[in-house]
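The values are calculated or read from the model by the stated rules, or taken from the named source; none is laboratory data. Everything quoted here is computed from the prediction, not taken from an experiment. Here the Cβ is made from the backbone with ideal geometry for all residues, glycine too, and neighbour counts use every protein chain on show. Accessible surface areas use protein heavy atoms only, side chains included; no ligands, DNA or RNA. Shrake-Rupley method; radii C 1.70, N 1.55, O 1.52, S 1.80 Å.
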Amino acid sequence: MNKFKKRLYEYLSKTDFLGFGYYFFNKLNPRKITKAIIDIGSTCNAKCPYCPRQQEGFTFKDNGLMTEEIFETIYSQLKEMPDLKNISLYAFGEPLLNKNAGEYIKKIAQLNKKTLLSTNTTNMDKFTDELMLIDRLQFSIEGWDKESYERTRKNLKFEETIEKLKNFDEEVKKRRAENLKTPFRTIHCLFTKSTDLHKFIETWSPYVDEIRFTTMGPYISWSDDKKSTKLYYTKEMEQDCFKFDIPVEVKTCSYVNNTITVNSNGKVVLCCGDFSQHLALGDYRDLNKAFNCKLLKNLVKQIYFGEKNICNGCRNYFACDKDKVYKYFPELNNLESLSTDKCKIIVTL
């Protein structure tokens, strides 16, 4: 689209020229489902102090595991989405707690889309063959030794996690030697002021292809009237996290523009940031209808033109002070130089 037409559509859509504002805006910003987030397991066996589900007064509705009936109904629709490129089998919980996780992974792999799954390593030894079909496999880990790991991943055991990753790594090596498919393994470390970055790399880099460091930020919660979002810091976050208090201009959001997020109970929700699933847009029986609901269409336009909207309290609208982070962790400047042929180190603030 040339610059003149883009500016014309922007003007006509914002002024709602002759009542055709949405027509012009949709021409400017066509919405297609390119990513599906299918939460096959909203429940979790860990009790992490940074997680919203552990906070006083927080209730996680419909906590559970996706049934075969819901999955099959979703799967049949995914097959008919021509623009779909990515499928994530996680959102709010631990997907490998679902006994059907292996079958779900195998079916999704048949669609030949880029697949993603994040796990705290629970039950991964039960699904070794199926996990080899995943394109990007993320391990949820914050600690770097027994004390720090079991403090941040309560109910999980450091030695067991090390053993599972070690065994999985051995299997990956064997399959790669035979040119068989294996996942790209990554750890997305959400670091805080107490994280020992070097020890983290030393502990986990032997078992993964990449470690990506990002500052841990607040969760997204709803205001008391349930009409807007706000940033939510747990007690641990207040003490240990860098503040996200610098306003950021937001023009678009991939979750609103091209992503469909389905909870384990079949509810279509705004995004994986809506941890309480307050805002249901529809259900699994008609994903396209939910994606094209009036609320989402309005939201896309409101975000683009900087209008007040329910997402103004989202973390995407705020950033932490990078200078403060680098001052606190001067080693971040050289952390990527610790990359090896086996494991790449990436810092994204």
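Residues that are over 27 Å from E210 (Cβ atoms) and in contact (Cβ under 8 Å) with a residue 40 or more places away in the chain within the range 84-124 comprise just one, N100.
Number of residues in the range 178-202 that are more than 28 Å from D321 (Cβ to Cβ) and buried (at least 19 other Cβ atoms within 10 Å of the Cβ) equals 3.
Summed over the range 215-245, the residues that are touching a Cys at 6+ places or on another chain (Cβ under 7 Å) and either open to solvent by 60 Å² or more (accessible area, probe 1.4 Å) or in a strand (DSSP E or B) (or both) give a count of 5. If you go through the range 261-277 and keep only what is under 14 Å from R53 (Cβ atoms) and open to solvent by 30 Å² or more (accessible area, probe 1.4 Å), you end up with just C272.
K251 meets all of the listed conditions (1) assigned to a loop (DSSP other than H, G, I, E, B); (2) at pLDDT below 90; (3) in contact with a Gly (Cβ under 9 Å, 6 or more places away or on another chain); (4) under 24 Å from S42 (Cα atoms) but one, namely (4). The sole residue among K154, K146 that is under 28 Å from E336 (Cβ atoms) and either touching a Phe, Trp or Tyr at 6+ places or on another chain (Cβ under 8 Å) or exposed (fewer than 15 other Cβ atoms within 10 Å of the Cβ) (or both) is K146. In the range 300-341, which residues are basic (K, R) and touching a strand residue (DSSP E or B) at 6+ places or on another chain (Cβ under 8 Å)? Correct list: R315 only.
The rows are residues; the columns are (1) within 20 Å of the chain's Cα centre (by Cα); (2) not in a loop (DSSP other than H, G, I, E, B).
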site	(1), (2)
K289	no, yes
N298	no, yes
Q302	no, yes
G306	no, no
N309	no, no
N312	yes, no
N316	yes, yes
A319	yes, yes
V325	no, yes
